[in-house]
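Only the coordinates and a few stated rules stand behind these numbers; no lab work does. A quick note: this is a predicted structure, and the numbers were derived from the prediction, not measured. Positions of Cβ are backbone-derived with ideal geometry, glycine not excepted, and every protein chain shown enters the neighbour counts.
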Amino acid sequence: MSRVLRIAAREYMAFVRTVGFWLSLCLAPLGILGAAFAASLAVKATPAPHLAVVDLTGAGYDAAITRAVEGGPGHPPAAILVAPPGAPYSSAADATRRLAPFLSAHAPAPGGQPLDAAAIIRGDPGRPALDLWTRNLAEPQLASLLSQAVADKARKVRLARAGLSPEAIQALEADDPPLAQYSPKSASGRVSARDELPLFIGFGMGILLWSSVLTGAGILLNSVIEEKSSRILEVLLTSASAPEIMGGKILGAAGVTATALLVWMIAGSLALGMRDPHALARAASIVVQHGLFLYFALYFAGGYLMYATLFTTIGAFCETAREAQTLLGPMMVLLTVPLIFMGQAVGRPDAPVLHILSWIPPFTPFLMAARAASGPPLWEVAGTAAIMAGATALEMMVAGRAFRAGALTSGRFELKTFFAGLAGRGERA
């Protein structure tokens, strides 16, 4: 055990003593915040498209679209309306023919305004058709907004045809029933933002675990490859066993990852506490009262050990980082699966596919951490944890032999050598 701890301390200090580790530790949150700020700034800096509306029905669809794109107080307009060049038009085909040259070129329309999109409403006023021409191939936000505006106006036209007065139509639209959501899982019966917060915290735990495993596994992979290429692994094997070396490296990398997590969590807590102390207190109470920190600790330990063992073993068979990259492709596909399904744990934690994937060891730690806030039954927690622990123990038993075989081999990575090492037939004196 002392050799394991000495190797772990060596691995830990090798990383935390470097300037690059602390630079990346400090710059990573700043990079995330900078990227978010840049994305927000880019959205605000993007000018609204210039839109021409051609209403061939004469039912007032142009006014409805105008109200829809104007934007509310504090919100920029979704589009800037310009006069349709060459109006009036005799038909939709005539409007299309005249507007197309302004959309396909950057020439400004009469009045000096560019034309980025044109909405042509045609057909029966009660059941109109909307033709949206745009300079770009995709304008999903504008298309959705105009479609909703035309649909709302068409409903009013049909109601007016049925004999309802404008006042009655307005009263009918204002008479939307109030919506209140209830659940037996809510302490008060009615679902509140406080009831939903644990679900998002659980999802954040799953993402945090996924990021930690990926970061720690990358550290281990690079460390093992570097020491194998410099023959340090062969020297270590003369004074310690393969399981001791693997255990020390995994423990050291876990310490590095835990240090990074601790620094980021402290920084995040301080930032949230300065912005909203009550929100920080609520989040902390939820993590403690729901026992989410226990879920995170349990599945973090199991998931980290599972993937760290696998990446350490793979690194022992690779001479260069380029060889390791060829093996990371299948691993990334494997790690992408829980990332896809973790979002469902917020709204549908009891979905059958989540239940099934939660029992498959490579996906167990991430999905069960994400589902923790929904209160999965104790038997499911115990069962998935036991299967995960059993799979990890079996993996570590096989990986010890494979790690020694890989550390003592040279040359390019070969599947034959890898599987021989897993079977314990690849060792060399």
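Here are some notes:
- The Met332 and Trp359 beta-carbon pair, evaluated with R₀ = 25 Å, returns a calculated FRET efficiency of approximately 0.65.
- The phi-based Karplus calculation (6.51 cos²θ - 1.76 cosθ + 1.60; θ = phi - 60°) puts the 3J(HN,Hα) values of the stretch 352-363 at x, 5, 5, 4, 5, 5, 5, 8, 9, x, x, 9 Hz, whole numbers, x for Gly and Pro.
- Based on C-alpha pairs under 8 angstrom that are at least 6 apart in sequence, the chain has a relative contact order of 17 percent.
- For Glu226 and Leu132, the FRET efficiency from 1/(1 + (r/R0)^6), where r spans their Cβ atoms and R0 equals 56 Å, is about 0.50.
- For the stretch 203-247: rounded, prolate or oblate by the Cα gyration tensor [a/c cutoff 1.5]: oblate
- Sorted peptide list for 368-379, 126-137, criterion being average Cβ within 10 angstrom, highest first: 368-379, 126-137
- For the chain, the longest principal axis of the Cα atoms and the long axis of helix 92-104 meet at an angle of about 50 degrees.
- Ordering Pro376, Ser239, Ser147 by the projection of their Cα atoms onto the charge dipole of the chain, which places +1 on the Cβ of Lys and Arg and -1 on the Cβ of Asp and Glu, puts Ser239 at the extreme positive end.
- Rounded Å value of the spacing that divides the Cα centres of the stretch 324-374 and the stretch 133-207: 30 Å
- Hypothetical label at Ala9: residues of the stretch 209-237 whose amide nitrogen lies under 20 Å (7 Å Cα-Cβ projection): 236-237
- Note on the chain: Kirkwood hydrodynamic radius from all Cα pairs is 26.9 Å, rounded to one decimal.
- Kirkwood-Stokes translational diffusion coefficient of the stretch 282-370, alpha-carbon pairs, 4 °C, 1.567 mPa s, µm²/s: 88 µm²/s
- Spread of Cα-to-Cα distances over 10 Å intervals beginning at zero, given as percent, for the stretch 50-167: 14, 44, 32, 9, 1
- Amide H contacts of Leu115: Ala109, each under 5 Å away and 5 or more positions distant or on a separate chain (H built 1.01 Å from N in the peptide plane; Pro and chain starts excluded).
- When you restrict to C-alpha pairs under 8 Å that are six or more residues apart and normalise by the size of the stretch 193-422, the relative contact order lands at 35 percent.
- Positive end of the dipole of the chain (Cβ unit charges, origin at the Cα centre): among Gly204, Ala79, Leu251, the Cα lying farthest that way belongs to Leu251.
- Most mobile of Thr46, Thr384, Thr259 in a GNM of the chain (Cα contacts under 10 Å): Thr46
- On Cα atoms only, tilt of 378-408 relative to the major axis of the chain in degrees: 60 degrees
- Panel order for Asp55, Asp124, Asp195, by other beta carbons found within 10 Å of each beta carbon, from fewest to most: Asp124, Asp195, Asp55.
- Acute angle (nearest 10 degrees) that the helix 321-341 long axis makes with the longest principal axis of the chain, alpha-carbon atoms: 50 degrees
- Estimated FRET transfer efficiency (Ser186, Glu70; beta-carbon r; R0 41 Å; 0.05): 0.60
- Once C-alpha pairs closer than 8 Å and six or more residues apart are averaged by separation and normalised to the residue number of the stretch 1-104, the relative contact order reads 20 percent.
- Estimated [θ] at 222 nm from DSSP helical runs (n ≥ 4, -39500 (n - 2.57)) normalised by residues in the chain, nearest 500: -22500 deg cm²/dmol
- About its Cα centre, the dipole of the stretch 50-167 is roughly 260 debye, where the only charges are +1 on Lys and Arg Cβ and -1 on Asp and Glu Cβ.
- Less than 5 angstrom separates the built amide H of Ala79 from none of the residues sequence-distant by 5 or more or on a different chain.
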